[in-house]
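A short write-up of the structure that comes next.
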Amino acid sequence: MKILMTIFFSLNLARFQTDAAPASNKNLAFLFAGYAVVWLLIVGYLFSLSRRQKKLAQEMEMLKQMQKGR
Amino acid sequence: MPTDHSLTRWTNIFVYTTSIMMLVNLYNIFIAVPTESSMGIIQRIFYFHLPSAFLAFLAFGVTFVYSIRYLIKRDMWLDRVAFCSAEIGIIFTTIVLVTGPIWARPVWGVWWTWDARLTSTLVLWFIYVGYMMLRAYTGEEQRGARFAAVFAIVGFVDVPIVYLANRLWRTLHPQPVIFGSPDSGMSPPIRNVFLFSLVTFLGIYLVLMFYRLRLERVQMELNELKRETAYS
């Protein structure tokens, strides 16, 4: 989180110095938390889909082997 | 049920395009867009809070339409599309319900308040979690699909309630900035970044739908194989 905030500050320093109130910077942690939630949920869901896909593929393979064995 | 693999190339192109759009969206939200003057940088949550809400509505809309189609045609694939879209809708509603309080805390001074918009959104989330649970606990496949379709159609009534909540009742939630009163609206840079974010989230929805439906197709093939194995 600190690394991300440092990158954000360094990239956006000029803008903060010109058009934003310094008081608003304290909300940066909230902003990062919000964005982290979005990414975690989407990536987590994709990860769960990939795990379920692998499990189904294994089960399918096992059933095919069973059918061959009969 | 769609047939086969000729879509893969186009799907890959679409997935890569969406990934690039997600990065551009990140740049837009954190770097390019000017900071809103009254709320400061926390207002940037708007660019993924509102598109998530729209996509949740879209996802539940797809569930609604496909549930009706399922009841008419009794094709299991239509039921599966409705189910997958509801699952993704829950993800987007969860994003709305988590990012909302994170935005509210510094602006309103509270994480949560039981006003009409927030409460109806929470109810929406519970309705579709209930829909998923109904699927899980109804044993027989056809009967479960039928019950769930009716539940999804009735549950969709909450979507317009959520949408209209801050128009119909006095709420702490901000008044609508899109299709709102004549003095509402967004400045051009904010509007452009918002629209780009909305298109990006639409891309994310379509990608998630593609992967979820592919999984569902494998599941249906597996069930068929299980039936064949049991009868042989």
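Just a few scattered comments:
- So A:L41, is it modelled with pLDDT of 85 or more and either open to solvent by 60 Å² or more (accessible area, probe 1.4 Å) or more than 25 Å from B:V107 (Cβ to Cβ) (or both): no
- Subset of segment B:126-148 [open to solvent by 70 Å² or more (accessible area, probe 1.4 Å) and at pLDDT 90 or above]: B:F126, B:M133, B:R146, B:F147
- Annotation: of all residues in segment B:59-76 being open to solvent by less than 50 Å² (accessible area, probe 1.4 Å) and farther than 16 Å from B:V154 by Cβ, the one that is nearest to the chain's Cα centre (by Cα) is B:A59.
- B:L26 surrounded by fewer than 20 Cβ atoms within 10 Å (Cβ to Cβ) and assigned to a helix (DSSP H, G or I): yes
- Residues in segment B:88-105 that are over 9 Å from the mean Cα position of the chain (by Cα) and more than 8 Å from chain A (Cβ to nearest Cβ): B:V96, B:L97, B:G100, B:P101, B:A104.
- Qualifying position, being touching a residue at least 40 places away in the same chain (Cβ under 8 Å) and more than 19 Å from B:N25 (Cβ to Cβ), among B:I90, B:I102, B:I45, B:I72: B:I90
- Check on B:G139, away from chain A (no Cβ under 14 Å), outside any helix (DSSP H, G or I) and within 23 Å of B:T63 (Cβ to Cβ): yes
The values are calculated or read from the model by the stated rules, or taken from the named source; none is laboratory data. Bear in mind the structure is a predicted one, so any value in this text is a computation, not a measurement. Cβ sites come from the backbone with ideal geometry, for glycine too, and all protein chains shown count toward neighbours. What goes into the accessible areas is simple: the full protein's heavy atoms, side chains included, and nothing from ligands, DNA or RNA. Shrake-Rupley method; radii C 1.70, N 1.55, O 1.52, S 1.80 Å.
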